[in-house]
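Colleague: Could you have a look at this structure, given as structure tokens, before my questions?
The values are calculated or read from the model by the stated rules, or taken from the named source; none is laboratory data. Being a predicted model, the structure only gives us computed values, none of them experimental. Backbone-built Cβ (ideal geometry, glycine too); neighbour counts: all protein chains shown.
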2 protein chains.
Amino acid sequence: MSVTTPQGFRAAGVNAGLKASGAPDVALVVNDGPDHHAAAVFTSNRVEAAPVTWSRQAVKDGRADAVVLNSGGANACTGAQGFADTHATAEHVAEVLGVSAGDVVVCSTGLIGELLPMDKLLSGVDAAAAALSQDGGADAAVAIKTTDTVPKVAEVTRDGWSVGGMAKGAGMLAPALATMLVVLTTDALVDPAQLDGVLRAATATTFDRIDSDGCQSTNDTVVLMASGASGVQPELADLVAAVTEVCASLARQLIGDAEGASHDIAIEVVGAASVPDALEVGRAVARNNLFKAAVFGNDPNWGRVLAAVGTTAAEFDPHQLDVAINGVQVCRAGGVGEDRSLVDLAPREVRVVIDLHAGRHTATIWTNDLTHDYVHENSAYST
Amino acid sequence: MSVTTPQGFRAAGVNAGLKASGAPDVALVVNDGPDHHAAAVFTSNRVEAAPVTWSRQAVKDGRADAVVLNSGGANACTGAQGFADTHATAEHVAEVLGVSAGDVVVCSTGLIGELLPMDKLLSGVDAAAAALSQDGGADAAVAIKTTDTVPKVAEVTRDGWSVGGMAKGAGMLAPALATMLVVLTTDALVDPAQLDGVLRAATATTFDRIDSDGCQSTNDTVVLMASGASGVQPELADLVAAVTEVCASLARQLIGDAEGASHDIAIEVVGAASVPDALEVGRAVARNNLFKAAVFGNDPNWGRVLAAVGTTAAEFDPHQLDVAINGVQVCRAGGVGEDRSLVDLAPREVRVVIDLHAGRHTATIWTNDLTHDYVHENSAYST
């Protein structure tokens, strides 16, 4: 499964020695065609890593032959030398594969503000190229992990064509892309002019709606490559649905493996005057540390939900707000509803439904609780 | 010291049994005049507690004779009954003191979404009224504590007049008022039309620039009362300076006692194109959980500072950003600067200086680190 489920793709994951732990840290995904269409979306953080700057240009013409990814270093805030290193990496991949450097997407993840050990990385590229295989998706998914406890892969198979994907990310997961690297592949025949729209439609309702800790990374990249190797051209809507399904699965896996989390929380905003209103409210609650800490303590402290909703500019009347937590209507018309002690927060999955009573739009944001382990993992990352 | 330092004020703090702990929980501050001028600023949270709704109206005419405050319950999200309870509290205070209910400011703090035990509260008002004293400021400061570990008081004495104050707040400390209750007093003679401006000038650069956890309360209130009892009319600028000094002291005390914090962090943004730009950048860093957790771990992870700066719309070139932590220039021109291991994060006070190289404006936001204890305290607050 993973990125090598669709025909026309090979992948590999190897240990290049970038990580002190000795775990795999370089991955390569190659599109053998016949098509080499590609689209990508990137972090909206203005402090973007060198590989993001490079890859934006690389996919601008709608073509990519390969994606090279490394964990063990973000190559962010590394100045001119950092960009030169990304460039050299692309050139090396191009040379080994016999493609153009301008068609090589580069992704990096790890600590910000450190230069990559280029000798190790380039040797890793050689090893990955030598290991490329039509069954290599699983290895590649392992090699991009940082603090992820499990690799994240997904696939959807349709009548004669499929979509595959892999993702990494366990912290810095915020909207306008969670902090993560994602490679998606499909063997469907698709008009290259439409690929970008397919990817944006899929990410807008999936990766853009997870928010683990409100922190936005410098390196987020989601790239979709289409090989056309199946020879099947699905309806555009079917392709969007399949890519969205893979993205939704990967997004849910990212939230489920977020650093230190003990609850996955779906914040479902209903009765909104618009989708942007619903998203603003959902994100405000998802970023409220007090609410997130309360969920960690299995405390249905709904007042903190209302306090977060009240900081938004969404359309609502404070005296009409309803909040249900795991099916118990703890807040009705902005006031006290059912007894909060009826709420069972023992299950990992928590569902908070906020009814703004201002319209008929809805959106769901996924987040995590704020835990001792989150603090612990993030207080000891670079040291 | 505290609110009874200026002449013309009496205060008291008593135990009314609102708190399970048995600690003092009702405070009363009375302005005996001859002037009864007052101004107040409140939370900008649209979900505001009943006492905030009441008190906005009470001070609208620029007069207040007393402030009654209770801990042990926020009276927020309590519907019509909650407002009726606030109204009844003001009426009771008015009756006991022989003033008008419309001149009684009411403040509440504690858990959201619970009705107050009115019999206990009103008995507490009686006891507080009986205990009113020109030395009662310290008792009042104790009675408004929630998770505060220490009472917060401040005073400034000038030539013949003074300003005093008390504050509570240890979590939900965010700008556009930290989550807190503050009562300020002065015996200066001041034009009532100018009092509101004095208060807004003082809070804009003090309470509005602390941000402990990005969470904004439903109950924030800062009220300033002027008795005129000194008979001295200072220059307006001198009054603003004195009130600002008291507010700055109280704000610093709030940050120093924030829930679970082990570091107080000053985020000083310099070289900004405007003060709003500097504030936006400072707040983005102050709310970055990853950076705050790193400081807890004594980890000078400056990449997280840049990642936070990059999420703002402030004017800057990512390749010109400089960051110093406790005097060590860890990031220069958006890239690697001095060795991060040179930074000593052992002291409680941490100073992060971010130079945007975009202008000559500056602002400092105070925040705390994100700690195990923060998570612990906030996971067990209502249960």
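Colleague: Only one residue in A:Thr147, A:Thr78 is within 14 Å of chain B (Cβ to nearest Cβ), among the β-branched types (Val, Ile, Thr) and surrounded by fewer than 24 Cβ atoms within 10 Å (Cβ to Cβ). Which one?
Modeller: That would be A:Thr147, the only listed residue that is within 14 Å of chain B (Cβ to nearest Cβ), among the β-branched types (Val, Ile, Thr) and surrounded by fewer than 24 Cβ atoms within 10 Å (Cβ to Cβ).
Colleague: Hey, another quick one. With region B:260-342 as the region, which strands (runs of 3 or more DSSP E) entirely inside it contain at least 1 residues that are out of contact with any His (no Cβ under 6 Å at 6 or more places or on another chain), buried (at least 24 other Cβ atoms within 10 Å of the Cβ) and more than 9 Å from chain A (Cβ to nearest Cβ)?
Modeller: Details: elements: B:264-272, B:322-325, B:328-332.
Of the strands (runs of 3 or more DSSP E) lying wholly inside region B:260-342, those with at least 1 residues that are out of contact with any His (no Cβ under 6 Å at 6 or more places or on another chain), buried (at least 24 other Cβ atoms within 10 Å of the Cβ) and more than 9 Å from chain A (Cβ to nearest Cβ) span B:264-272, B:322-325.
Colleague: Looking at region A:21-47, which of the residues that are within 28 Å of B:Val305 (Cα to Cα) and buried (at least 24 other Cβ atoms within 10 Å of the Cβ) is farthest from the other protein chains (Cβ to nearest Cβ)?
Modeller: The selected residue is A:Val26.
Colleague: Here are A:Gly102, A:Gly160: which of them is of a type outside the set (Phe, Trp, Tyr) and not in a helix (DSSP H, G or I)?
Modeller: Checking each option against the conditions leaves just A:Gly160.
Colleague: Considering only region B:108-126, state which residues are farther than 16 Å from B:Ala143 by Cβ and without any contact (Cβ under 8 Å) to a residue 60 or more places away in the chain.
Modeller: Result: B:Gly113, B:Glu114, B:Leu115, B:Met118, B:Asp119.
Colleague: Let me ask something else. I'd like to verify a number: residues in region A:242-254 that are under 11 Å from A:Ala167 (Cβ atoms), surrounded by 24 or more Cβ atoms within 10 Å (Cβ to Cβ) and not small (Gly, Ala, Ser), how many?
Modeller: So the answer is 4.
Colleague: A further question follows. Given the criteria surrounded by 23 or more Cβ atoms within 10 Å (Cβ to Cβ), touching a His at 6+ places or on another chain (Cβ under 6 Å) and assigned to a helix (DSSP H, G or I), does B:Val375 qualify?
Modeller: Values: surrounded by 23 or more Cβ atoms within 10 Å (Cβ to Cβ): yes; touching a His at 6+ places or on another chain (Cβ under 6 Å): yes; assigned to a helix (DSSP H, G or I): yes.
So B:Val375 fits the description; yes.
Colleague: Can you pull out the residues in region A:292-329 that are polar (S, T, N, Q) and either touching a helix residue (DSSP H, G or I) at 6+ places or on another chain (Cβ under 7 Å) or at pLDDT 95 or above (or both)?
Modeller: Result: A:Asn301, A:Thr311, A:Thr312, A:Asn326, A:Gln329.
Colleague: Which condition number does A:Gly359 fail, the rest of (1) more than 13 Å from every other protein chain (Cβ to nearest Cβ); (2) touching a Ser or Thr at 6+ places or on another chain (Cβ under 9 Å); (3) not in a loop (DSSP other than H, G, I, E, B) being met?
Modeller: (3)
Colleague: What are the residues in region B:66-86 that are aliphatic (A, V, I, L, M), at pLDDT 95 or above and farther than 22 Å from B:Ala130 by Cα, if any?
Modeller: First, the residues of region B:66-86 that are aliphatic (A, V, I, L, M): B:66-69, B:74, B:76, B:80, B:84.
Filter once more, so that each one left must be at pLDDT 95 or above: B:66-69, B:84.
Of everything in region B:66-86, just one residue is aliphatic (A, V, I, L, M), at pLDDT 95 or above and farther than 22 Å from B:Ala130 by Cα, namely B:Ala84.
Colleague: Can you work out which of the residues in region B:163-184 that are at pLDDT 80 or above and not in a strand (DSSP E or B) is surrounded by the fewest Cβ atoms within 10 Å (Cβ to Cβ)?
Modeller: The first filter runs over region B:163-184 and keeps only residues at pLDDT 80 or above, leaving B:163-169, B:180-184.
Going one step further and asking which of them are not in a strand (DSSP E or B), we end up with B:169, B:180.
Values: B:Gly169: 33, B:Met180: 31.
Only one residue fits best here, namely B:Met180.
Colleague: Could you check how many residues of region A:87-132 are within 14 Å of chain B (Cβ to nearest Cβ) and either at pLDDT 95 or above or surrounded by 20 or more Cβ atoms within 10 Å (Cβ to Cβ) (or both)?
Modeller: The total comes to 6.
Colleague: Of all residues in region B:203-257, count the ones that are part of a loop (DSSP other than H, G, I, E, B), touching a strand residue (DSSP E or B) at 6+ places or on another chain (Cβ under 6 Å) and at pLDDT 95 or above.
Modeller: Summing the residues that are part of a loop (DSSP other than H, G, I, E, B), touching a strand residue (DSSP E or B) at 6+ places or on another chain (Cβ under 6 Å) and at pLDDT 95 or above in region B:203-257 gives 1.
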